[in-house]
Structures are given as C-alpha cells and as structure tokens.
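The values are calculated or read from the model by the stated rules, or taken from the named source; none is laboratory data. Quick caveat: nothing in here was measured; it's all calculated off a predicted structure. Every residue, glycine as well, gets a Cβ built from its backbone with ideal geometry; the counts of neighbours run over all protein chains shown. Please note that ligands, DNA and RNA were not included when accessible areas were found on the heavy atoms of the full protein model with its side chains. Shrake-Rupley method; radii C 1.70, N 1.55, O 1.52, S 1.80 Å.
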Amino acid sequence: GFLPSLNQALQLDPDFTLARCMLVAVQLEGGTSSDSVVSSGLEIIKKSYNTVLEREKRHIDAVLAFSEKNIPKALDIWNDITVHYPQDKHALKWAFDAYLTIGEYEKMRDLMSRGVHYCPKELPIYPYVLSLYAFSLEETNQRDLAETVCRQGIAIQPKNPWGIHTMCHVIEEEREVETGVDFVTSCRSDWQASLLSHHISWHLMLFYLDLNQIDKLFQEFDNMLVPNLSPENVFALLDASSILWRLNVLGIDPGEQRWQLVLKPFSAKIGRPEHTFLETHLMMSLAYGKVSASATRLALAKKMIKSLEEYAQSAVSSDCNVANMLGVPLCNALLAYGEE
C-alpha cells in the first residue's frame, strides 16, 4: 500500500525530503496520526531546509503553510511548482487536493489538463493522472468526456481507485443505480485495499439507498466503514455520519449502536474545529433522532457550536470565513432539525 511504501522509503533514507513532505501532508489531510507525530515530522523538514534543493524548499514551504491551515498559500506554492516543474506529480497531487477542498473545480480541471499533457504515457502513474483529470471534468459538468477519460485510465490500470471513484460519480449523476451496484461490486478487489476504500463503499451504499436495499446498505456499512471508524480516520467518520444522516432524514433508524460507533470517535474532535466540512458532519453525528431527548448529546452539540463560532471569528485558518458564512448557520440548522 501507499503509506507502508512511504514509511519504508523513509526507513531506507531518513533524509528523503519529498517523501517526508508527502507523509506529513497525508497525516495533516487525513488526521491519520497524533499531533506529536505530525509535529515531529514538521521539525525534521524544517531542520533540513537549508540543505535541500530549491524545489524541495518549495515543497517544505507548502507543507508548512498547510500545517498552519493556510490552504490558499499552500495551493499557490504547489501550483507554482507544477508550472516550473511540470512533471512534479507530488505537487500536482496536492494542488489537486487543495483545489478540491476549496471548491475551485475549473482551476482543478485546468491543472489536471496540464498534468496529463506533461505526463509521459509510459509512466506507471499515468492512469492515476488520467483519473484525476477525469474527476475534475466530472466536477465541471463535462460528464461524457469524464467517462471517456476515466475508462481509459481504468483500462490501463484496473486497480485504480480514483478512476473507480470517478465512475461512481458519473453513474450516480446518470441515475443508473443498478449499473452502479454492478460496477462497484464487480471490481471490489481493485479498490477494497486502497485509501479510498471506505469512500467507494459509501458510494455503493448510496446506490443501495436509491434502490431501497437497506439491509445491503447496513451490511456494507458494518463490513467496510465500522472497522475504519477512529479519531485518526477523519474521512471514514465523514462518510459514516453522512450516510447515517441520510437515513435519519428519511426516517430509517440504523440503530443507536451504529450512531454510537460514529459518535464515540468523532466526539474527540468537539471543541477543536479543524475544517467547516468536518464540523458539519460532526453535528450530524450529534443531532440525529430526537436530540433533545439526550441531555449528553444536546450539551455536546451546543459545545461544538460555541467552539465553531469562536473559530469562525478567529483568523487561525483560511477556512474561518467559510465557517462564519456557512458552517455556523448550517450546524445551527442541523441542531434545530434534531430538536423538532
């Protein structure tokens, strides 16, 4: 897998600066490690700054900006690297992620168009770059071209989680839900061991929900999401709270146990706002059912909103304005829905 390979590279060469930057950025993005582990990684790359090449310094600058939650600054640096070093796939990946995070889909598409142009077709990473380009096309409503490019990437490399993920989006938008189930289940062995596994599983659960196959949805939830639910795996918590909230709105009870499996690890984030998208999903895991019937959940929800309001008025992150404009009102609305 990706992370074991990255760690192995650093064991072989502890001074491998770009691998260290990649690892720290992954840890920051996904909450996959403790604060002390991330801090240690940041200190290592800071100490190496004056001994590395200019391009490596730019990567360090980007990761440091990312660690300070200044996504636009980090994005500008990564994007600049791709302009001056158009075959730098490290910067390409992080610029893509940053554009996706802030919703700049047209710029994401243009970035990936450039990335495909400068990526030699014989490189093993080429189908991955194609798949990210296909996703950016889908996100800018170029669905037919997105499917064509996506299928090209999957044909070259079937074990292509981003390609499979993009096809899920295309199929969902075309409302071909039975096709979606057949597609995702038929290629399960190609995505099940990937970092995107729980999210692709989430797409499969959406197809099951559209088909009203709730038993299959619960089976997928229990088998694929539950084992990944931990405070360190933020993306799994987002997917889990999202699917359970859909059921909640539809009046389908997934059972208190499933909600608690999400809430217990997610509650470790209460009072420590990191990103508006995360905070709104945290509120979903608190405001389900009749929240006023649970004094504990109601108190935690109010504590979460108070901390989010403080975060929104601060300047600790480029996300604070988003929290102020959207996050606080949306979390208040979710809580009000749960109190009805």
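What to note about this one:
- Entirely in region 1-112, the helices (runs of 4 or more DSSP H) that have 1 or more residues that are open to solvent by 40 Å² or more (accessible area, probe 1.4 Å) and under 30 Å from Arg143 (Cβ atoms): 2-12, 17-30, 71-84, 89-102
- Residue that is surrounded by the most Cβ atoms within 10 Å (Cβ to Cβ), among those in region 223-265 that are part of a loop (DSSP other than H, G, I, E, B) and hydrophobic (A, V, I, L, M, F, W, C): Leu229
- Within region 306-319, the set of residues being crowded, with 19+ Cβ neighbours inside 10 Å and either part of a helix (DSSP H, G or I) or over 24 Å from the mean Cα position of the chain (by Cα) (or both) comprises Leu308, Tyr311, Ala312.
- Hey, Glu220 part of a helix (DSSP H, G or I) and open to solvent by less than 40 Å² (accessible area, probe 1.4 Å) or not: yes
- Single residue of Leu195, Leu238, Leu204 found to be touching a helix residue (DSSP H, G or I) at 6+ places or on another chain (Cβ under 9 Å) and farther than 25 Å from Pro127 by Cβ: Leu238
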